[in-house]
Amino acid sequence: MKIEKNTAVTLRYKVADAKGLLIEAPKDPMVYLHGGYNNTLPKIEAALEGRVAGYSVTLDLQPEDAFGLRDESLARSIPKSEFPPGVKVGGQLKGINDNGSEQIYNVVKIKGDQVLLDGNHALAGKALRFTVTVTGVRAASEEEITHQHVHGEHGHHH
């Protein structure tokens with residue numbers, strides 16, 4: 001079966017930086033609903049359109065085609081006194097960004113009495129190399145199409 005709109009695609013992938021240094025190579029495969037549902041990066045989806053299980057490709061993506069450019073307005077410093085006890089680097093919290101929208105912030109550093117937060121994706125601003133191998137393609141169920149994501153093993157669970 002070919003990858004087309006409303007197919008569930010199973011793949012294995014690796015992410016490296018532009019110099020080839022490995023960043024991520026998950027043990028479990030990824031499954032996504034193909035067809036413009038924002039379940040994977042658009043350039044990856046475009047490269048897989050019409051392909052079949054067994055297809056492999058390496059894509060070099062610029063930041064704007066991967067996780068976006070860094071937005072320095074999403075980096076902020078907050079007094080540690082405003083946090084509950086036990087705030088740690090690597091933690092996450094919800095906050096409100098400058099546009100008034102909810103934003104997930106990562107605790108990136110604690111410096112004295114200040115906590116440095118960053119709402120950017122950890123890979124924002126980086127050129128990345130994705131190596132992707134398709135391991136399966138199947139027709140998506142009506143429920144998956146309605147929900148706009150794949151269910152079951154390695155997919156979304158309700």
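Residue pairs whose Cβ atoms lie under 9 Å apart, sitting 6 or more positions apart in sequence or on different chains, and linking a residue in the range 1-12 that is in contact (Cβ under 8 Å) with a residue 12 or more places away in the chain to a partner that is assigned to a strand (DSSP E or B) and of a type in the set (Lys, Arg), are MET1/ARG138; THR7/ARG138; ALA8/ARG138; VAL9/ARG138; THR10/ARG138.
Inside the range 100-133, residues that are in contact (Cβ under 8 Å) with a residue 60 or more places away in the chain, in a strand (DSSP E or B) and not hydroxyl-bearing (Ser, Thr, Tyr) make up a count of 4. Within the range 46-79, the set of residues being within 24 Å of HIS121 (Cβ to Cβ), among the basic types (Lys, Arg) and assigned to a loop (DSSP other than H, G, I, E, B) comprises ARG70 only. If the condition is being surrounded by fewer than 17 Cβ atoms within 10 Å (Cβ to Cβ), of a type in the set (A, V, I, L, M) and in contact (Cβ under 8 Å) with a residue 24 or more places away in the chain, then the range 17-40 contributes ALA18, ILE23. Take GLY54 and decide whether it is open to solvent by less than 50 Å² (accessible area, probe 1.4 Å) and touching a residue at least 40 places away in the same chain (Cβ under 8 Å). Judged against the criteria, GLY54 is not a match.
Just a yes or no: is a residue in the range 80-90 in contact (Cβ under 8 Å) with a residue 24 or more places away in the chain and touching a Ser or Thr at 6+ places or on another chain (Cβ under 9 Å)? No, the conditions are met nowhere in the range 80-90. Of the residues ASP118, ASP113, ASP98, ASP71, only one is crowded, with 16+ Cβ neighbours inside 10 Å and over 25 Å from TYR13 (Cα atoms); which? From the options ASP118, ASP113, ASP98, ASP71, the qualifying one is ASP118.
Residue by residue through the range 26-40, note down the ones that are in a strand (DSSP E or B) and either more than 14 Å from ALA140 (Cβ to Cβ) or of a type outside the set (A, V, I, L, M, F, W, C) (or both).
MET30, TYR32 - these are the residues of the range 26-40 that are in a strand (DSSP E or B) and either more than 14 Å from ALA140 (Cβ to Cβ) or of a type outside the set (A, V, I, L, M, F, W, C) (or both).
Looking at LYS43, LYS14, just one residue is at negative phi, surrounded by 12 or more Cβ atoms within 10 Å (Cβ to Cβ) and assigned to a strand (DSSP E or B), and that residue is LYS14.
The values are calculated or read from the model by the stated rules, or taken from the named source; none is laboratory data. The shown structure was predicted, so the numbers you read here are calculated from the model rather than taken from an experiment. Quick reminder, even Gly has a Cβ in these numbers, built from the backbone with ideal geometry, and neighbours come from all protein chains shown. Side chains included, ligands, DNA and RNA excluded: accessible areas come from the protein's heavy atoms. Shrake-Rupley method; radii C 1.70, N 1.55, O 1.52, S 1.80 Å.
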